[in-house]
1. Search the stretch 76-104 for residues being surrounded by 15 or more Cβ atoms within 10 Å (Cβ to Cβ) and small (Gly, Ala, Ser), and hand back the single one that is nearest to ALA64 (Cα to Cα).
2. From the list HIS152, HIS114, exactly one residue is at pLDDT 95 or above, more than 8 Å from the ligand (Cβ to nearest atom), in contact with a Leu (Cβ under 9 Å, 6 or more places away or on another chain) and not hydrophobic (A, V, I, L, M, F, W, C). Which is it?
3. Test GLU159 against the stated conditions and say whether it is part of a helix (DSSP H, G or I) and of a type in the set (D, E, K, R).
4. Checking the conditions here, which among ALA64, ALA139, ALA43, ALA54 is more than 11 Å from the ligand (Cβ to nearest atom) and either at negative phi or modelled with pLDDT of 95 or more (or both)?
5. Looking at the stretch 13-70 only, could you name the residues that are assigned to a helix (DSSP H, G or I), more than 19 Å from PHE117 (Cβ to Cβ), in contact (Cβ under 8 Å) with a residue 24 or more places away in the chain and of a type in the set (D, E, K, R)?
6. Which one is nearest to the ligand (Cβ to nearest atom) among residues in the stretch 71-95 that are of a type in the set (Ser, Thr, Tyr) and in a loop (DSSP other than H, G, I, E, B)?
7. Please tell me if ILE116 is in contact with a strand residue (DSSP E or B) (Cβ under 6 Å, 6 or more places away or on another chain), outside any helix (DSSP H, G or I) and of a type in the set (A, V, I, L, M).
8. ASP146 - would you say it is closer than 29 Å to ASN31 by Cα, touching a residue at least 24 places away in the same chain (Cβ under 8 Å), out of contact with any strand residue (DSSP E or B) (no Cβ under 9 Å at 6 or more places or on another chain) and not hydrophobic (A, V, I, L, M, F, W, C)?
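The values are calculated or read from the model by the stated rules, or taken from the named source; none is laboratory data. Just so it is clear, the model here is predicted, and its values are computed rather than measured. Here the Cβ positions follow ideal geometry from the backbone for every residue, glycine too, while neighbour counts run over all protein chains shown.
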Amino acid sequence: MNIIVVAASKHGSTLEIAQEIGTELRQAGHNVDVFEAKEAPDAANYEAAVIGSAVYAGSWLAEAHTFVANSQAALQTIPVWLFTSGPLGEEEPQPVGDPVQLPELLAQTNARGHQIFVGKLDRDKLNLGEKLIVKVVKAPYGDFRDWEAIRHWAAEIDESLRAGL
Ligand SMILES: Cc1cc2nc3c(=O)[nH]c(=O)nc-3n(C[C@H](O)[C@H](O)[C@H](O)COP(=O)(O)O)c2cc1C
């Protein structure tokens, strides 16, 4: 199956999650193209889509919304899965909760699911304003991404596609 995987990522870690999902789906036998949201083509030539974004101040990044809006007609006709990367920490990653636009995104895409993945915060990549916010909210620095969970989710997508669900 031809699958498009799209990610909006400010500092690169969500794009790496998308690449891992792409690798897993390729190993399962699919033809997969992975794009950053701002460079992604319309989803019209694909048979399934996986779309994700890092979340900042509770919201998906603007380029992810633009991709969804531009591809909405195509996305309504193929199976779609959404993912969000954001919460930080080992034990109980924070903050908890869906991106604020999730209801709208689900309506635009008819997505079969939405998965939240724990993210990464790299001090060296942040600008001054971001460092200030991180300090105020006491977010922890580190790479908390759970590659096992990411691969497992991609495998579930493959299973659904194989089952024709
Ligand atoms: C200024 C700032 C605001 C953030 N706001 C949120 C937020 O509201 N909710 C959340 O879950 N994560 C938030 N995060 C964490 C990022 O989503 C997380 O670091 C993510 O993995 C970054 O992905 P990227 O490397 O693809 O940009 C924030 C991070 C920064 C630096």
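1. This residue is SER85.
2. Result of the check over HIS152, HIS114: HIS114.
3. yes
4. Sole residue among the options that is more than 11 Å from the ligand (Cβ to nearest atom) and either at negative phi or modelled with pLDDT of 95 or more (or both): ALA43.
5. Answer for the stretch 13-70, where residues must be assigned to a helix (DSSP H, G or I), more than 19 Å from PHE117 (Cβ to Cβ), in contact (Cβ under 8 Å) with a residue 24 or more places away in the chain and of a type in the set (D, E, K, R): just LYS38.
6. Looking at residues that are of a type in the set (Ser, Thr, Tyr) and in a loop (DSSP other than H, G, I, E, B), I get SER71.
7. Yes; evaluated as a whole, the condition is true for this residue.
8. So ASP146 does not fit the description; no.
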